[in-house]
1. Within region 43-51, is there a residue that is buried (at least 17 other Cβ atoms within 10 Å of the Cβ), modelled with pLDDT of 95 or more and assigned to a helix (DSSP H, G or I)?
2. In region 16-42, what residues are closer than 14 Å to V58 by Cα, among the polar types (S, T, N, Q) and surrounded by 15 or more Cβ atoms within 10 Å (Cβ to Cβ)?
Amino acid sequence: MYDWIGWLATAAFTSSYFCKQQKTLRRVQSVAALMWLAYGVAIHALPVIVANAIVAGVAIWSSSGSALERRQ
């Protein structure tokens, strides 16, 4: 029933590889991870929820301007 969320998340994550800028790639990946997180919640799968909460958090943090400035 909730498979469509997983398929959309897969499509979003795959599309991130076509991004030319790292900041855009990370933002697309964070959206995909949030979609995977929603899928995990829908199917009550704690490992999917935790893994994608971590991925989304890191992707959001690393795409912020301050995080990128610190690394340069």
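1. So far as region 43-51 goes, yes, one or more of its residues are buried (at least 17 other Cβ atoms within 10 Å of the Cβ), modelled with pLDDT of 95 or more and assigned to a helix (DSSP H, G or I).
2. Within region 16-42, Q29, S30 meet the criteria.
The values are calculated or read from the model by the stated rules, or taken from the named source; none is laboratory data. The structure displayed is predicted, hence computed values, not measured ones. Because the Cβ atoms are built from the backbone with ideal geometry, glycine has one as well, and the counts that use them run over all protein chains shown.
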